[in-house]
Amino acid sequence: MKPQLCEEFAVRFGRYGGLFVPETLVQPLKELAEAYERLMKDGEFHSELNLLLKHFAGRPTPLYFARNLSRELKCRIYLKREDLVHGGAHKLNNTLGQALVAKRMGKTRLIAETGAGQHGVATAIVGANLGFETQVYMGEVDIERQKMNVYRMELMGAEVIPVRSGSRTLKDAINEAMRDWAASFEHTHYLLGTAAGAHPFPSMVRDFQSVIGHEAREQILEAEGRMPRSIVACVGGGSNAMGIFAPFLKDDVRLLAVEAGGRGPGRTDKIADNGASMGYGSDGILHGALTKILQDPFGQILESYSVAAGLDYPGVGPELAYLAETGRVLPKLADDKTALQGFRALSRLEGIIPALESAHAVGYAMQEPEALGDLAIINISGRGDKDLATVMDYENL
Amino acid sequence: MIIYICAGDPSPDATPDLVRRLAAAGADIIELGLPHSDPIADGPTIQAAAQRAIAAGMNTDVYFQMASLADVAVPKVFMGYYNMIYARGLDKFASDCARSGISGMIVPDLPPEEAVPLKDACIRHGVDLIFLAAPNTPPERLKMIVEETSGFTYLVARIGVTGARSDIAADTRGLIARVPGNKPKAVGFGISTPAQAAEVVRAGADAAIVGSVCVDLIARGEIERLEQLVRDMKSAIRAVKLQ
Ligand SMILES: Cc1ncc(COP(=O)(O)O)c(C=O)c1O
């Protein structure tokens, strides 16, 4: 067999990426890749998406100069306000894009996985708005942790399917969605929520989230007349990070990707105390891609941990794994405590309650302000309303 | 007839004896599953078996010990997910297969396009790498898969995941008929009764692969019923072949 076959088969980021899925899913993924590549060149598709991003999602989101935080850290800090996107997080940028692709492909049903519930909510929103039957797989443990988001999804007509297999969290919800899709691809689109998984998901999700970086680039040039020295984003699977980083890859800008340090580097043979696949993981295959993952020496996937449900994933998108290896992106850690400090600080200093995920980016910046240079952008990927109960519980411990 | 069991379920120690009993009951090939934490091609039955086996202490080292101990005359074939192979190292894994009497590998999440490095390792150690084709595999690709596979082609009887079903899909017969060339073809996913096994053989398959129903009987401790099922499947298939 010619190795060349592989390159046509699936986009690679260095050695990372690929398409490691059961044969039944190969064809649906190829069809999705073809449709997405065709539509990315289709002006009408872009007009439709841009209208929805503007009038429905509320884009462009502000790039806000955080006066008080800047004073505190002695560095000019701007916040990219993805918390103001409809639904409360950047997730809608991707679900709108993919739902329109699904529509053009003639699909009538959407399935999705969700951990924190934010991606599930963003899928439920497009399901209701664009007229899809929507089912969201969610681990039993996460359903218990995120009751409000379950109710939000149900209000918008989505069905939440409890996942009882494996660790009953996000990775198992992805497994279950892939199993569903292997039988339902004829009429169903699998709307993956992060820049991970098999080709074309890492590229497609990055492209739909790149609107964050494109706006930020224009906005910072307008406000400051120059490029930022650094950009900070949190990393679960990598969609908000790739979304803001992608348009800056060729610029002299330090890209800081903050993973969940959780309780620390510890692990048992089943559970890691963190969600830091780049920080503490190794090469392996998860959900269709070769990337950095948290695993035991035999290749069993570990359960991850973070106070932020959206960062509680034992893998990372293959493009980030690659960019981290080349040194273009710098992986960093913020543990639970640092994230909670970021959460409180941004609330008090700026009157903005960030999602616990985004609070990892804020917490990191506060901990290592010298890494930021004199002008930084922090991606506030979501708002913190969903996390209030978690934070109250945490503080009472 | 190919019988799948999940190695280490209910316990690692039980596996070699189980393999011998299945061979004695008439299994022509034993497919020994290595349990994985995230088996995306498997339905609830095999998922549960994998969890039990991992909890009982099954890992890749133990797997190869048990495979060596299960000394049967019929071929043993590995079935498992690519990350387990990748974590051990492709060459070491293929060599461990050869040394423990495993003659082939089925890796459900590894399409031929991604399998070039593993295929090299398998060739070095004389182990077959068996590829899968599905009802939605288009003709050109089917041709490529049949060319690339060694040992036999694994025809996935239906879209979706593993698990016992009560019928044979129309898709299955279509897929069997579409396979070009004359390499052996085995049909699996959903086959649970002697009648279904006979039906796929009548439709042109060389073998039926039976998994979830066996795993289920093992989970319930009904080993004698399992042996009886294997004997019944075998005679149902033989009856078709004699026709
Ligand atoms: C607000 C928010 N930020 C970040 C993430 C992490 O995902 P990603 O790394 O794909 O941006 C999530 C995931 O649920 C989220 O809800």
Review point. Could we say that A:A241 is crowded, with 24+ Cβ neighbours inside 10 Å and within 16 Å of the ligand (Cβ to nearest atom) here?
Key: yes
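Matching residues to (1) within 14 Å of chain A (Cβ to nearest Cβ); (2) surrounded by fewer than 18 Cβ atoms within 10 Å (Cβ to Cβ); (3) free of Cβ contacts under 8 Å to residues at least 24 places away in the same chain; (4) not in a helix (DSSP H, G or I):
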position	(1), (2), (3), (4)
B:G8	yes, no, no, yes
B:V19	no, no, no, no
B:L32	no, no, no, yes
B:A41	yes, no, no, yes
B:Y63	yes, no, no, no
B:A67	no, no, no, no
B:D71	no, yes, no, yes
B:N83	yes, no, no, no
**Request:** Determine if the range B:213-235 includes at least one residue that is free of Cβ contacts under 8 Å to residues at least 40 places away in the same chain and part of a strand (DSSP E or B).
**Result:** no
Quick count over the range A:294-319, residues being within 8 Å of chain B (Cβ to nearest Cβ) and touching a Gly at 6+ places or on another chain (Cβ under 6 Å), is 1
Checked against (1) part of a strand (DSSP E or B); (2) away from chain A (no Cβ under 14 Å), B:Y154 satisfies every condition except (2)
- Query: Taking the stated definitions as given, is A:A246 within 16 Å of the ligand (Cβ to nearest atom), more than 14 Å from every other protein chain (Cβ to nearest Cβ) and surrounded by fewer than 24 Cβ atoms within 10 Å (Cβ to Cβ)?
  - Reply: yes
The one condition B:A170 fails out of (1) closer than 24 Å to B:Q243 by Cβ; (2) in contact (Cβ under 8 Å) with a residue 12 or more places away in the chain is (2)
For A:L96, the lone unmet condition from (1) within 14 Å of another protein chain (Cβ to nearest Cβ); (2) within 23 Å of A:A241 (Cβ to Cβ); (3) of a type in the set (A, V, I, L, M, F, W, C) is (1)
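Of all the strands (runs of 3 or more DSSP E) wholly in the range A:272-341, which have at least 1 residues that are outside the structural domain of A:A182 (by TED's automatic domain parsing) and among the basic types (K, R)?
Working: elements: A:282-286, A:289-293, A:329-335.
Because the criterion is at least 1 residues that are outside the structural domain of A:A182 (by TED's automatic domain parsing) and among the basic types (K, R), the strands (runs of 3 or more DSSP E) in the range A:272-341 that meet it are A:289-293, A:329-335.
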Among (1) in contact with a Leu (Cβ under 8 Å, 6 or more places away or on another chain); (2) assigned to a strand (DSSP E or B); (3) of a type outside the set (S, T, N, Q), A:K103 falls short only on (2)
Counted residues in the range A:280-289 being crowded, with 24+ Cβ neighbours inside 10 Å and either facing chain B (nearest Cβ under 8 Å) or of a type in the set (D, E) (or both) come to 4
Note: among A:S165, A:S230, A:S184, just one is more than 16 Å from the ligand (Cβ to nearest atom), at negative phi and modelled with pLDDT under 95, namely A:S165
For this session: Tell me, please, whether a residue that is under 19 Å from the mean Cα position of the chain (by Cα), part of a helix (DSSP H, G or I), away from chain A (no Cβ under 11 Å) and farther than 28 Å from B:R158 by Cβ can be found in the range B:113-130.
Result: no
Only one of (1) touching a residue at least 40 places away in the same chain (Cβ under 8 Å); (2) part of a helix (DSSP H, G or I); (3) away from every other protein chain (no Cβ under 11 Å); (4) within 18 Å of the chain's Cα centre (by Cα) does not apply to B:R52, and that is (4)
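Among the residues of the range B:135-162, how many are touching a Ser or Thr at 6+ places or on another chain (Cβ under 8 Å) and over 20 Å from B:V77 (Cα atoms)?
5
The rows are residues; the columns are (1) surrounded by fewer than 20 Cβ atoms within 10 Å (Cβ to Cβ); (2) over 17 Å from the mean Cα position of the chain (by Cα).
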| position | (1), (2) |
| --- | --- |
| A:G131 | yes, yes |
| A:T134 | no, yes |
| A:G139 | no, yes |
| A:R152 | no, yes |
| A:E159 | yes, yes |
| A:G197 | no, no |
| A:R206 | no, no |
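Yes/no per residue for (1) in contact with a helix residue (DSSP H, G or I) (Cβ under 8 Å, 6 or more places away or on another chain); (2) more than 16 Å from the ligand (Cβ to nearest atom):
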| site | (1), (2) |
| --- | --- |
| A:P22 | yes, yes |
| A:E34 | no, yes |
| A:R38 | no, yes |
| A:L52 | yes, yes |
| A:S70 | no, yes |
| A:C75 | yes, yes |
| A:R81 | no, no |
| A:V85 | yes, no |
| A:E113 | yes, no |
Given (1) farther than 22 Å from A:A196 by Cα; (2) among the hydroxyl-bearing types (S, T, Y); (3) buried (at least 18 other Cβ atoms within 10 Å of the Cβ), A:Y36 misses just (1)
Looking across the range A:380-397 at residues that are among the β-branched types (V, I, T) and more than 12 Å from the ligand (Cβ to nearest atom), the single one that is nearest to the other protein chains (Cβ to nearest Cβ) is A:T390
Restricted to the range B:137-151 and to residues being within 19 Å of B:V107 (Cβ to Cβ) and part of a loop (DSSP other than H, G, I, E, B), the residue farthest from the other protein chains (Cβ to nearest Cβ) is B:G151
Given the conditions (1) under 23 Å from B:K185 (Cα atoms); (2) small (G, A, S); (3) touching a helix residue (DSSP H, G or I) at 6+ places or on another chain (Cβ under 7 Å), every one holds for B:S100 apart from (1)
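The values are calculated or read from the model by the stated rules, or taken from the named source; none is laboratory data. On a predicted model such as this, the values are computed, not experimentally measured, just so you know. All Cβ positions, glycine included, derive from the backbone under ideal geometry; neighbour counts span all protein chains shown.
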